[in-house]
There are 2 protein chains.
Amino acid sequence: MNTLLDAALQGDRLSLSRLISMVENGHPETGELMGRVFPRTGKARTIGITGPPGVGKSTLAGAMTAGYRAAGLKVGIVAVDPSSPFSGGAMLGDRLRMQRWATDEGVFIRSLATRGHPGGLSPAARDVTRLLDAAGFEVILVETVGAGQSEVEIMEVVQTVVVVMAPGLGDDIQAQKAGILEIADVLVVNKSDRPDAGNLARQLEAMLDLAPAQPSWRPPVVVAAAQEGKGLEEVIKACGDHWNWLSAGGRLQARLSRRIESEIASLIGRIAAAELVDFAKRAGDWEAVVRAVTERRTEPRVAADQLWEQFCCAGRGNGSPGPRGG
Amino acid sequence: MNTLLDAALQGDRLSLSRLISMVENGHPETGELMGRVFPRTGKARTIGITGPPGVGKSTLAGAMTAGYRAAGLKVGIVAVDPSSPFSGGAMLGDRLRMQRWATDEGVFIRSLATRGHPGGLSPAARDVTRLLDAAGFEVILVETVGAGQSEVEIMEVVQTVVVVMAPGLGDDIQAQKAGILEIADVLVVNKSDRPDAGNLARQLEAMLDLAPAQPSWRPPVVVAAAQEGKGLEEVIKACGDHWNWLSAGGRLQARLSRRIESEIASLIGRIAAAELVDFAKRAGDWEAVVRAVTERRTEPRVAADQLWEQFCCAGRGNGSPGPRGG
């Protein structure tokens, strides 16, 4: 693993790929690996690209990649969108278009399957983003469909969230707008050649008027046609503006702290769940508790509370102050 | 709350609605409520309906509802699909079609927003399903988009998972097939009037030949056109067959046990995360740990492990055996 990591940090793509696979599959050495990777992170700018299927997220990601490459920046792409050409879905034409990056050493594309991650998709995306960061990729684009809750959680991984919309996709989008607006730092109305693009942009502005998402940052609404490269500079500029805003006044630090807090809390939850189940099994309680719940004699929350109490009491003598601070 | 519950159990729909809202919003009395609800559950048959957007899941759910109603069964529908007419998305026509149930006391429709559930969407869906079960709904249909991980988790709530596909939806579906097949108990090829419906059915059969999902149950592939009511009896029969198979030889009990185990483990994780963060804050450690991680001096997993060790040690004297079974 150390040899792989050294090679990956030197720019060896195959080694980087293998490390990502380790992380993706929850390899037992993942913790050790990330322990070595983590101190080397924090240099990359991370941008999420999300939105409903069919709005052209991948096309925008491709166009932004070209833009950043033109500026000499190394770009990593993490695709967790089942319909993305980066992830192997979507149309053949899209996938062919992706091949332009096949020979560019400054671009690294990796897709994550939307299922089968032992610890959840969002921790996997976070680790892969950190690996790319440590490996020297300066801009990391994380592409995901903005439908479900786990997809929204993935956006917690990035610094700037670009939400992509397109005119003429019907009621579905309307229903999703409110939720999606909450997480947007930059709004892109793509496919601006379609009728109603101007209307959609005005609607979004009106919604922003009603619900100011963040105190001193109003997400700009950028009208673009990624396929034709229209509005692309504006998108990249809007991301840069957001980065500058974040960097000022300790905002980036504050945002990072909040995310680290929730990351640590969720890791603790995973450790505790595994330890307590193990503890209850060794104490011979687990089976009886599960049976009581399946027979509907005990409610699951009550069972969890009881196991937690037993665990906390097991470590201390009667009446002595325990971890719950009695 | 007790008055509301009594009324809901007597069939009062407004009270039931209010209780569902409590659960959905993570009301502090949710635990107490579910403690009273839980012993009254276990009578309903729960069926999940999932699949990619646009395959006609809601139409199928509506047609199945009509079928079960004709058999005199009370039907609850839980929609967690942002594009479902039950959830307020989708086309106006679909939504109008839903109004047929507005005056039927034997049908209760409830949608869950795909965001903003404090404890996650899948626990909320589970509690709502239990409420409907206790309130006397005999068949509960849970509709969700089968794209992301949280949507797949929701299918853990039900006994029978119906995966809906449709011909002619392009490569996207192909990419999703493998993952979706893993969770299917019944496969429906909907929109059978379209060309290639037969092809898709044969492809699915071929995939099932290659990857037998479950030892003694092979998911039947049913060709249907829900809009026209075609194949509907076969879908309902396939669900019934699966139910009979589950009920035989203790399979239902075994499946329930596995799910209860993972439910308890995840509840323990939530309790532990909250308690430990609280414990670390009271001990004055939390801020320093978070700072060490944001400054990249400590890797998040290491921080979580350390906090866990501290918590476990706090309850016991030096060297005495603690909960970790030293």
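Quick note: the coordinates plus some simple rules give every number you see, no bench work behind them. Remember, it's a predicted structure, so these values are computed and weren't measured experimentally. In this analysis, Cβ positions are derived from the backbone assuming ideal geometry, glycine residues included, and neighbour counts consider all displayed protein chains.
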Taking the label point 7 Å from Cα along the Cα-Cβ vector, the copy-to-copy distances for A:ASP278, listed from shortest in nm with one decimal, are 2.5
Any idea how far apart A:ASP193 and B:ARG194 come out in nm if each label point goes 7 Å out from Cα toward Cβ?
-> 2.6
State the extension gain, in nm to one decimal, for the chain segment bounded by B:GLN306 and B:LYS237, taking 0.36 nm per residue of separation less the distance between their alpha-carbons.
-> 19.4 nm
Distance check, please: which entries in A:LYS230/B:LYS57; A:LYS281/B:LYS281; A:LYS237/B:LYS57 exceed 32 angstrom between their Cα atoms?
-> A:LYS230/B:LYS57; A:LYS237/B:LYS57
Candidate lysines - alpha carbon under 16 Å from B:LYS74, same-chain residues fewer than 8 apart omitted = B:LYS43
Pseudo-spin-label distance A:GLU228 to B:GLU228, built 7 Å along Cα→Cβ, given in nm, is 4.1
One finds, for B:TRP245 and A:LEU73 with R0 = 51 angstrom and r their Cβ-Cβ distance, a FRET efficiency to the nearest 0.05 of 0.35
Give, in nm to one decimal, the length gained when the segment between B:CYS313 and B:THR3 is fully stretched (0.36 nm per residue of separation minus the Cα-Cα distance).
-> 107.1 nm
Estimated D of the range A:7-70 in µm² per second, where Rh is the Kirkwood radius over Cα pairs and Stokes-Einstein applies at 37 °C, 0.692 mPa s = 227
Residues B:SER58, B:SER266, A:SER122, A:SER262, sorted so that the one with the fewest Cβ neighbours within 10 Å comes first | A:SER262, B:SER266, A:SER122, B:SER58
Label-point separation in nm, A:ALA288 to B:SER216, each point 7 Å along Cα→Cβ = 3.1
How high is the FRET efficiency between B:ARG255 and B:GLU105 when r is their beta carbon distance and R₀ equals 30 Å, given to the nearest 0.05?
-> 0.45
Between B:ARG18 and A:LYS281, what FRET efficiency follows from the Cβ-Cβ distance if R0 is 41 Å, with the result rounded to 0.05?
-> 0.55
